[in-house]
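Working notes for the structure below.
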Amino acid sequence: MKSLVITLTLIFTSLGTAVEKPNVIFILADDVGIGDIKCFYPKSRVTTPNIDRLASQGMRFTQAYAPGAVCSPSRYALLTGAYPCRGPIRLKTANSYSPLTISSDSLTLPRFFKNSGYQTAHIGKWHLGFGNSVNKNWAGEISPSGIEIGFDYQFALPSNHNDGFKTYLENHRLLWIKDEIKDLPKKPTVDQLSKIRYDDEVDSSLTAKGIEFITTNKDRPFSTWP
């Protein structure tokens, strides 16, 4: 797997007038280098007007380091505040059947926000494992998930865009599993789903879920990780 640079953008915004605490949105992007963003590298051939606008109204950090060269270790470090070598995924990514790589007892970033009175959500790529072992029934309740480490709501790609699941996980359940399927030790096949997740619809679906969560919680402090 090729190495990558993780870019983290923090947006602090107050969307409601009834709250004193700022709402917080974390955006974590894989495979994005500093040279891909126009506000960091004017010669970039990629047009990034929305990111450029955020940069002009906020702060840019020009010296930072990723805790890992691939996605799972970097996500682990951001959520836990610990080096990836402290957990089960040192230099590699979690696989589709990995158990949850973060201890449910950890004081994670979402749990810190939740303990401070925030509504918390994870929406997007997960790639940090689910359950207590590699053996799980994907047609049943998948636990622990992001809910057990501090998120009030989770709408996730089980691993990533091309993970082969063809569906999403919402809180503790895979979506669209047909009712007659009761035991599913591996990824669901297309025939076992009532609806299919298509790659070219993923970004719009995740964006819609993010907007829905923000709109629902706009008058109280929230923290979301799209």
Checklist entry - Does any residue in the range 110-130 that is on the phi > 0 side of the Ramachandran plot come within less than 6 Å, Cβ to Cβ, of a residue that is surrounded by fewer than 22 Cβ atoms within 10 Å (Cβ to Cβ) and outside any loop (DSSP other than H, G, I, E, B) six or more places away or on a different chain, and which pairs are these? => result 124/206
Item to check | Selection from the range 155-180 of residues that are out of contact with any Leu (no Cβ under 9 Å at 6 or more places or on another chain) and modelled with pLDDT of 95 or more | outcome: 170, 171, 172, 173, 179, 180
Item to check | Odd one out for residue 193 among (1) farther than 19 Å from residue 114 by Cα; (2) without any contact (Cβ under 8 Å) to a residue 60 or more places away in the chain; (3) buried (at least 18 other Cβ atoms within 10 Å of the Cβ); (4) touching a helix residue (DSSP H, G or I) at 6+ places or on another chain (Cβ under 9 Å) | outcome: (4)
Checklist entry - Hey, any hits in the range 68-84 for a residue that's out of contact with any Leu (no Cβ under 9 Å at 6 or more places or on another chain), at pLDDT below 95 and not hydrophobic (A, V, I, L, M, F, W, C)? => result yes
Checklist entry - Is at least one residue of the range 122-137 closer than 30 Å to residue 218 by Cβ, over 14 Å from the mean Cα position of the chain (by Cα) and surrounded by fewer than 19 Cβ atoms within 10 Å (Cβ to Cβ)? => result no
Item to check | From 44, 104, residue being modelled with pLDDT of 90 or more, farther than 24 Å from residue 224 by Cα and either acidic (Asp, Glu) or surrounded by fewer than 16 Cβ atoms within 10 Å (Cβ to Cβ) (or both) | outcome: 44
Checklist entry - Can you tell which of 149, 177 is under 18 Å from residue 133 (Cβ atoms), out of contact with any helix residue (DSSP H, G or I) (no Cβ under 6 Å at 6 or more places or on another chain) and touching a residue at least 24 places away in the same chain (Cβ under 8 Å)? => result 149
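The values are calculated or read from the model by the stated rules, or taken from the named source; none is laboratory data. These figures come from a predicted structure and were not determined experimentally. Ideal geometry is used to build each Cβ from the backbone, glycine not excepted, and the neighbour counts take in all protein chains shown.
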